[in-house]
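Before any comments, here is the structure.
The values are calculated or read from the model by the stated rules, or taken from the named source; none is laboratory data. Just so we're clear, the structure is a prediction, and the values are computed from it rather than from any experiment. Here the Cβ positions follow ideal geometry from the backbone for every residue, glycine too, while neighbour counts run over all protein chains shown.
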């Protein structure tokens, strides 16, 4: 028990957190779009009191839960004011000092691996399911995800001519920021049976006009809302107009979390991207 003097001196948000924890059941703050999606799939929506701004699916998450801010720019006071008993956070959440302060306030933090792969998604689900006592629901979700990846592999085997694709995260001052090796974009293109023409780069890097023309993408993939806002038309830029993708304007635009979230919907997202990049080889998208 805190002494009367300690209670008088304690910061207000620490007191709020302590009182709420003392009079309520589990209160979860979910940090990361895929983390929130998994928690909802595990049937834990009622226990969630706050989510970060990347928790775009399901749509009700941000509509009905407190928004604690961007996944990498969190504040300790905002988190603790919700009186959480558990914070489930993607590996890249932070800043680290903020999460350390939350832990020091007595809140359990579960860090969820971010690896963008089928095995990584399974580990995400298993980690979260164990943390919230949902082993049975977690096993069922893992089974569903693995079946989805099996169907995806069957479809990918029918791709005999992989599309030469370029993933553009944003267009800044007429120069594209593209996904090279080790990015979620590179992993998603691989799952969709495509070849990443920016594989000579590592991470997210700007690409010069000369580099873009040399890469010669047959298709361009973008998110509907990237760091610079809504997706722009890349073919309005001279360098893009000189690529094979400009013939027929082969531009694929998809929802950001669906495409790069690497959550439960990833097999379906990869299948949709595959169908968009190889319509003559795998037919229309099927879930």
Restricting the search to the stretch 247-280, which residues are in contact with a helix residue (DSSP H, G or I) (Cβ under 7 Å, 6 or more places away or on another chain), assigned to a helix (DSSP H, G or I) and buried (at least 18 other Cβ atoms within 10 Å of the Cβ)? 257, 258, 259, 260, 266, 267, 269, 270, 271, 273, 274, 275
Anything in the stretch 63-103 that is assigned to a helix (DSSP H, G or I) and more than 22 Å from residue 38 (Cβ to Cβ)? List them, or say none. 76, 77, 78, 80, 96, 97, 98, 100, 101
From the list 163, 131, exactly one residue is farther than 17 Å from residue 89 by Cα, surrounded by 13 or more Cβ atoms within 10 Å (Cβ to Cβ), in contact with a strand residue (DSSP E or B) (Cβ under 7 Å, 6 or more places away or on another chain) and touching a residue at least 12 places away in the same chain (Cβ under 8 Å). Which is it? 163
Output yes when any residue across the stretch 125-142 is assigned to a helix (DSSP H, G or I) and in the same structural domain as residue 45 (by TED's automatic domain parsing), and no when none is. no
Can you name the residue in the stretch 46-77 that is without any contact (Cβ under 8 Å) to a residue 12 or more places away in the chain and over 18 Å from residue 261 (Cα atoms) and, of all such residues, is surrounded by the most Cβ atoms within 10 Å (Cβ to Cβ)? 64
Could you tell me whether residue 199 is in contact with a strand residue (DSSP E or B) (Cβ under 6 Å, 6 or more places away or on another chain), outside any helix (DSSP H, G or I), free of Cβ contacts under 8 Å to residues at least 40 places away in the same chain and surrounded by fewer than 19 Cβ atoms within 10 Å (Cβ to Cβ)? yes
Restricting to the stretch 184-196, and then to whatever is in contact with a strand residue (DSSP E or B) (Cβ under 6 Å, 6 or more places away or on another chain) and not in a strand (DSSP E or B), can you tell me which residue is surrounded by the fewest Cβ atoms within 10 Å (Cβ to Cβ)? 186
